[in-house]
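Undergrad: Sharing a structure here in structure tokens format.
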Amino acid sequence: MFLSGKYLNFIDTAIAVSGRFHLPLYSSKYSKRKYTQHQLMTLVLLKEYLNEDYRNFVELIELMVKVQNKIGIKQVPHFTTLQKFMSRIPTLFFNSMLKQTVKLFYYHGERIYLTAIDSVDLRVDIVVTIIQ
């Protein structure tokens with residue numbers, strides 16, 4: 001996968017949104033403090049953006065040193081760390097953060113490519129332009 005500025009810009013947007021939603025840095029005062037919740041949320045938002053499962057996503061991030069540096073992690077979390085983090089976050093809260101991140105990322109009327117699969121497994125590509 002080619003790592004372009006697009007992905008780094010998405011990470012910047014995700015980090016900003018994580019801070020705006022007043023997500024505490026750690027889930028508990030007894031947390032191991034290896035990763036902040038902002039870092040984990042940024043990773044999960046990027047995972048959703050790339051449309052990968054947890055295992056494949058962690059393998060990709062291990063290869064992406066620029067992404068690790070941008071997020072500020074020294075070691076890539078195990079995929080179960082991301083899964084457990086998501087189990088603690090309310091679905092509505094996550095959906096709201098994802099929606100806000102995508103909205104800010106595509107603020108300037110860029111095109112979003114969506115893929116829809118019909119019942120016969122035919123692939124249909126749809127271009128959506130967000131207009132503010």
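Undergrad: Kindly check whether there is at least one residue in segment 8-19 that is over 12 Å from Phe105 (Cα atoms), surrounded by 15 or more Cβ atoms within 10 Å (Cβ to Cβ), in contact with a helix residue (DSSP H, G or I) (Cβ under 6 Å, 6 or more places away or on another chain) and in contact (Cβ under 8 Å) with a residue 60 or more places away in the chain.
TA: yes
Undergrad: Find all pairs meeting these conditions: Cβ atoms under 9 angstrom apart; at least six residues apart or on different chains; first residue within segment 20-49 and more than 19 Å from Leu98 (Cβ to Cβ) and surrounded by fewer than 18 Cβ atoms within 10 Å (Cβ to Cβ); second residue at pLDDT below 85 and hydroxyl-bearing (Ser, Thr, Tyr).
TA: Leu25/Ser31; Lys32/Tyr26; Arg33/Tyr26
Undergrad: Consider Val65 carefully, then state whether it is farther than 15 Å from Val17 by Cα and at pLDDT 95 or above. Working first, answer last.
TA: Details: farther than 15 Å from Val17 by Cα: yes; at pLDDT 95 or above: no.
Taking the combined requirement at face value, the residue does not satisfy it.
Undergrad: If Val58 passes every condition in (1) within 17 Å of Ile15 (Cβ to Cβ); (2) surrounded by 13 or more Cβ atoms within 10 Å (Cβ to Cβ); (3) of a type in the set (A, V, I, L, M, F, W, C) but one, which one does it miss?
TA: Result: Val58 fails condition (1) only.
Undergrad: Of all residues in segment 10-35 being of a type in the set (Ser, Thr, Tyr) and within 19 Å of the chain's Cα centre (by Cα), which is nearest to Pro77 (Cα to Cα)? Talk me through it step by step, then tell me what you get.
TA: Step one: filter segment 10-35 for residues of a type in the set (Ser, Thr, Tyr), giving 13, 18, 26-28, 30-31, 35.
Those still in the list that are within 19 Å of the chain's Cα centre (by Cα) too: 13, 18, 26-27, 35.
Working: Thr13: 21, Ser18: 18, Tyr26: 15, Ser27: 16, Tyr35: 8 Å.
Per the criteria, the residue is Tyr35.
Undergrad: Further question on the same structure: State all residues of segment 76-99 that are polar (S, T, N, Q) and either farther than 24 Å from Leu60 by Cα or in contact with a strand residue (DSSP E or B) (Cβ under 8 Å, 6 or more places away or on another chain) (or both); if no residue qualifies, say none.
TA: The first filter runs over segment 76-99 and keeps only residues polar (S, T, N, Q), leaving 80-81, 83, 87, 91, 95-96.
Scanning segment 76-99 gives Thr91, Ser96.
The values are calculated or read from the model by the stated rules, or taken from the named source; none is laboratory data. Model, not experiment: these values are computed from the prediction. Because the Cβ atoms are built from the backbone with ideal geometry, glycine has one as well, and the counts that use them run over all protein chains shown.
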